[in-house]
Amino acid sequence: TAVHIALGRRRDLELCKTVTAEISPHFRTEQWTAETLERLRRHPMRIEGQLFFDASHVPCRAGKPSSPKRVSVWEIHPVYSIDVCEFMSLRKCKPDSDVWTPLDKRADWQEPPEG
């Protein structure tokens, strides 16, 4: 199944003010799991992929239901790369700095071994 990520400038942002990124199974590395992304949710992430107009959804509008909740039907889909900042403050995560690491390159970000 696909993994959907709500993207916004703050962690506590209302879902109707976020944009969606969708990680498709055929583009996903084994490290790109919902559990790993949830564990790292306090870190800023840099998502790269195609911009896709998903007309099967509707954006949030006053008094109208929407699923998933989002500001736009444009989404990043498929996702090609996910970089995670080593800091938890967006201010410390400058785009051109060396504080970004691909999600699948850091062993300590992976799921703990079972057993």
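General observations
- Taking first residues from the stretch 39-53 that are farther than 19 Å from Arg10 by Cα and partners that are hydroxyl-bearing (Ser, Thr, Tyr) and open to solvent by less than 90 Å² (accessible area, probe 1.4 Å), the Cβ contacts under 8 Å between residues at least 6 apart in sequence or on separate chains come to Gly49/Ser81.
- Number of positions in the stretch 6-31 that are open to solvent by less than 30 Å² (accessible area, probe 1.4 Å) and among the β-branched types (Val, Ile, Thr): 3
- Of all the numbered requirements in (1) at pLDDT 90 or above; (2) farther than 17 Å from Arg9 by Cβ; (3) not in a loop (DSSP other than H, G, I, E, B), Asp104 misses one, and that requirement is (1).
For every residue, the table says whether it meets (1) over 22 Å from Lys94 (Cβ atoms); (2) touching a helix residue (DSSP H, G or I) at 6+ places or on another chain (Cβ under 6 Å); (3) not hydrophobic (A, V, I, L, M, F, W, C).
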position: Leu13; (1), (2), (3): no, no, no
position: His26; (1), (2), (3): yes, no, yes
position: Pro44; (1), (2), (3): no, yes, yes
position: Ile47; (1), (2), (3): no, no, no
position: Gly63; (1), (2), (3): yes, no, yes
position: Ser72; (1), (2), (3): yes, no, yes
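- Positions within the stretch 32-58 being part of a loop (DSSP other than H, G, I, E, B) and either open to solvent by less than 40 Å² (accessible area, probe 1.4 Å) or at positive phi (or both), in sequence order: Trp32, Thr33, Leu40, His43, Pro44, Asp54
- Taken together, the residues in the stretch 61-99 that are of a type in the set (Lys, Arg) and in a strand (DSSP E or B) amount to 2.
- Any hit, the stretch 66-78, residues being loosely packed, with under 11 Cβ neighbours inside 10 Å, at negative phi, at pLDDT below 95 and not polar (S, T, N, Q): no
Condition check ((1) modelled with pLDDT of 90 or more; (2) within 18 Å of Pro68 (Cβ to Cβ)) across all residues:
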site: Ala6; (1), (2): yes, yes
site: Asp12; (1), (2): no, yes
site: Cys16; (1), (2): yes, yes
site: Glu22; (1), (2): yes, yes
site: Arg28; (1), (2): no, no
site: Trp32; (1), (2): no, no
site: Arg39; (1), (2): no, no
site: Pro44; (1), (2): yes, no
site: Ile47; (1), (2): yes, yes
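The values are calculated or read from the model by the stated rules, or taken from the named source; none is laboratory data. If you're wondering where the values come from, they're calculated on a predicted model, not measured in any experiment. Here the Cβ is made from the backbone with ideal geometry for all residues, glycine too, and neighbour counts use every protein chain on show. Remember, those area values only see protein heavy atoms, side chains included, never the ligands or the DNA or RNA. Shrake-Rupley method; radii C 1.70, N 1.55, O 1.52, S 1.80 Å.
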